[in-house]
Amino acid sequence: MRLKAGLLAGALVLAGSAQGAAARDVVASFDWLAYESADPKAPEGRYANPVIPGFHPDPSIVRVGKDFYAVTSTFSWYPGLPILHSTDLVHWRIIGNAIDRPGMLDFNGIGTNRGLFAPAITRHDGRFWIVNTCIECGGNFVITAEDPAGPWSDPVWLDFGGIDPSLHFEPDGTAWIVYNDAPPGPEEYEGHRALWLQQFDPQAMKMLPKRVLLRDKGVDPSKKPIWAEGPHIYKVGDWYFLLTAEGGTADQHSQTIYRSRALQGPYEPGPDNPILTQRDLPAGRPDRIEATGHADIVQLEDGSWWGVFLATRPFAGQSTLLGRETFLLPVTWNDGWPRFLEKGAPVPLTPPAPKLPASAGAAWDNWHEEFVSPLSNEWLALRTPGATPQWEVRDGALDVIAGPAAPGGMARPAFTGRRLRHHKAAFSTRLAFTPERRGDFAGLLAFMDETHFLAAGKEQGRIVVRLRTAASDWAGGKEVASAPLAAAGPVELKLSLDGGTATVFFREEGATSWRQVGGPIDVEPLASVHAGLFTGLVVGPYAYSPGP
């Protein structure tokens with residue numbers, strides 16, 4: 001245990017909370033966190049898909065002059081709804097988070113696969129708007145900002161059901177929200193949904209009562225299409241286009257298009273739907289991209305169109321630890337209809353880049369972070385911060401205050417991390433930690449959801465690896481490997497990931513070579529396909545203490 005003058009002094013500069021901590025907290029100090037990967041670069045004049053790798057699903061995009069802004073889903077991670085910026089559509093950087101104050105939303109007590117689903121961003125009359133759904137934490141809401149980096153307003157709750165709202169402004173200033181909800185009559189089968197349009201008053205910030213049915217079921221009702229969702233409306237020339245996802249968010253995911261002469265319809269489906277899918281391609285193809293859909297499109301200054309969409313990169317079957325990532329493709333028009341890909345065409349991994357000014361994107365391939373306060377916009381934690389602090393940035397290190405919340409529960413564990421962005425990568429850190437009692441633990445946590453995670457760290461006299469893959473496992477994970485420690489001093493930890501395999505290494509102070517903890521660990525059971533499909537792996541410092 002370390003007694004710190006900063007904690008005794010009262011108020012602290014905290015990343016996890018604005019309040020002080022008790023003097024006798026068990027503290028784990030992390031000097032740095034590093035990330036290494038070795039993915040090949042795209043050839044000159046081309047770009048690498050995905051353009052926003054790692055856990056970034058449900059992308060929505062807006063252009064303002066020469067700048068592009070995107071937002072993606074975060075579910076019950078905090079801060080929520082990252083705002084990303086680019087000038088070339090290829091290199092992106094998180095410039096802020098739309099949900100970044102504890103009082104805005106409350107994610108406490110809900111699972112990782114609940115919370116913020118499918119935000120949609122737009123800009124009108126000098127103001128940015130996001131409409132979104134908070135599942136099990138309030139319903140549908142709207143927030144606004146003058147600057148997309150923030151601050152964003154507190155949520156205004158909107159009185160309508162369903163999910164996946166998207167805001168469309170007409171030239172006369174009237175506003176409409178298109179969304180997915182239950183069908184007008186009884187549901188005829190699982191996944192039977194409908195797309196609705198309802199007027200929104202942007203001055204009063206409330207919905208008007210009448211709503212219009214745009215589409216029941218999907219493109220071909222005779223085939224009982226499932227999960228028509230993620231709708232966006234665009235006015236292009238004399239036509240209104242309705243862009244929607246269909247088929248569910250797994251390997252049957254697809255993107256469809258409709259158009260109408262009138263905003264309120266009727267909307268006719270395009271002749272070549274779906275305009276984006278990978279579900280009909282052979283399973284054994286190399287460099288597979290799967291689950292393509294939930295797209296948004298944007299027109300460039302030169303009149304060309306591009307689109308962002310989510311997809312997955314499985315290492316086997318439908319398994320990936322990366323979650324659903326954001327991809328980019330040009331959108332071509334044929335006989336008045338847009339299309340991402342010709343039927344049967346795979347998503348290209350290194351297509352020709354847009355002809356746009358180069359953007360300074362984030363360093364995602366390799367980084368070494370010595371901690372400063374506040375933590376960068378890349379960092380995530382589970383659920384909304386409470387009154388008790390969980391970490392402090394001090395003298396270039398991250399001091400994590402161990403708590404009794406295990407990752408497998410619905411409380412907020414003492415954990416913060418960054419997204420895994422490559423199939424083959426390694427996280428490493430230097431840890432100073434003195435366990436005081438049986439069960440005290442600190443190290444790296446690789447978290448997919450409450451039932452799927454790996455923790456590698458220090459306990460009394462040893463390094464231990466714990467894995468949770470079933471609800472019957474202890475909430476802190478069951479032990480799968482361990483190695484004795486020769487001394488009580490600081491240790492370096494490394495978690496190497498390669499597809500569905502993880503390997504844990506450590507070295508004690510003064511050592512130059514890494515020691516492996518047990519053998520390679522099968523972490524395919526942590527893949528998102530086993531964990532609700534929504535999220536991806538987040539890895540970072542974690543500390544646990546059962547208390548007195």
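Does Thr174 fit the bill of being among the β-branched types (Val, Ile, Thr) and farther than 21 Å from Leu263 by Cβ? Before the answer, list the steps.
On the way: among the β-branched types (Val, Ile, Thr): yes; farther than 21 Å from Leu263 by Cβ: no.
So Thr174 does not fit the description; no.
Kindly indicate whether His294 is at pLDDT 95 or above, open to solvent by 10 Å² or more (accessible area, probe 1.4 Å), on the phi > 0 side of the Ramachandran plot and assigned to a strand (DSSP E or B). Spell out the reasoning first.
Numbers: at pLDDT 95 or above: yes; open to solvent by 10 Å² or more (accessible area, probe 1.4 Å): yes; on the phi > 0 side of the Ramachandran plot: yes; assigned to a strand (DSSP E or B): yes.
Here the answer is yes, as His294 does meet what is asked.
What's the number of the condition Met205 fails, among (1) open to solvent by 40 Å² or more (accessible area, probe 1.4 Å); (2) more than 25 Å from Asn273 (Cα to Cα)?
Checking Met205 against (1) open to solvent by 40 Å² or more (accessible area, probe 1.4 Å); (2) more than 25 Å from Asn273 (Cα to Cα), the one that fails is (1).
In the range 469-501, which residues are open to solvent by 20 Å² or more (accessible area, probe 1.4 Å), in a strand (DSSP E or B) and not acidic (Asp, Glu)?
Lys478, Val480, Ser482, Pro484, Lys494, Ser496, Thr501
Using beta carbons and a limit of 8 Å, which pairs, at least six apart or on different chains, have the first residue in the range 368-380 and under 8 Å from Val393 (Cα atoms) and at pLDDT 95 or above and the second one open to solvent by 30 Å² or more (accessible area, probe 1.4 Å) and outside any loop (DSSP other than H, G, I, E, B)?
Phe371/Trp32
Can you tell me which of Arg430, Arg419, Arg462, Arg466 is crowded, with 24+ Cβ neighbours inside 10 Å and either in contact with a Cys (Cβ under 9 Å, 6 or more places away or on another chain) or farther than 13 Å from Tyr542 by Cβ (or both)?
On the way: Arg430 fails: crowded, with 24+ Cβ neighbours inside 10 Å; Arg462 fails: crowded, with 24+ Cβ neighbours inside 10 Å; Arg466 fails: either in contact with a Cys (Cβ under 9 Å, 6 or more places away or on another chain) or farther than 13 Å from Tyr542 by Cβ (or both).
Among Arg430, Arg419, Arg462, Arg466, only Arg419 is crowded, with 24+ Cβ neighbours inside 10 Å and either in contact with a Cys (Cβ under 9 Å, 6 or more places away or on another chain) or farther than 13 Å from Tyr542 by Cβ (or both).
Can you tell which of Arg101, Arg114 is within 17 Å of Asp58 (Cβ to Cβ), surrounded by fewer than 20 Cβ atoms within 10 Å (Cβ to Cβ) and of a type outside the set (Ser, Thr, Tyr)?
Values: Arg101 fails: within 17 Å of Asp58 (Cβ to Cβ).
Result: Arg114 is the single residue among Arg101, Arg114 that is within 17 Å of Asp58 (Cβ to Cβ), surrounded by fewer than 20 Cβ atoms within 10 Å (Cβ to Cβ) and of a type outside the set (Ser, Thr, Tyr).
Of the residues in the range 166-191, how many are touching a residue at least 40 places away in the same chain (Cβ under 8 Å), open to solvent by less than 20 Å² (accessible area, probe 1.4 Å) and in a loop (DSSP other than H, G, I, E, B)?
Residues meeting the conditions: 1.
Anything in the range 208-229 that is touching a residue at least 12 places away in the same chain (Cβ under 8 Å) and either open to solvent by 40 Å² or more (accessible area, probe 1.4 Å) or touching a Ser or Thr at 6+ places or on another chain (Cβ under 6 Å) (or both)? List them, or say none. Working first, answer last.
So the first thing to find is which residues in the range 208-229 are touching a residue at least 12 places away in the same chain (Cβ under 8 Å), and the list is 210-220, 224-229.
Within the range 208-229, Lys210, Arg211, Leu213, Arg215, Asp216, Val219, Asp220, Lys224, Ile226, Trp227, Ala228 qualify.
Which residues, taken from the range 502-548, are open to solvent by 40 Å² or more (accessible area, probe 1.4 Å), assigned to a strand (DSSP E or B) and either at pLDDT below 95 or under 19 Å from Gly417 (Cβ atoms) (or both)?
The one that is open to solvent by 40 Å² or more (accessible area, probe 1.4 Å), assigned to a strand (DSSP E or B) and either at pLDDT below 95 or under 19 Å from Gly417 (Cβ atoms) (or both): Phe505.
The values are calculated or read from the model by the stated rules, or taken from the named source; none is laboratory data. In this text, all values refer to a predicted model and were calculated from it rather than measured experimentally. All Cβ positions, even for glycine, are placed from backbone atoms using ideal geometry, and neighbour counts span all protein chains on display. Calculation scope for accessible area: heavy atoms of the full protein, side chains included, ligands and nucleic acids excluded. Shrake-Rupley method; radii C 1.70, N 1.55, O 1.52, S 1.80 Å.
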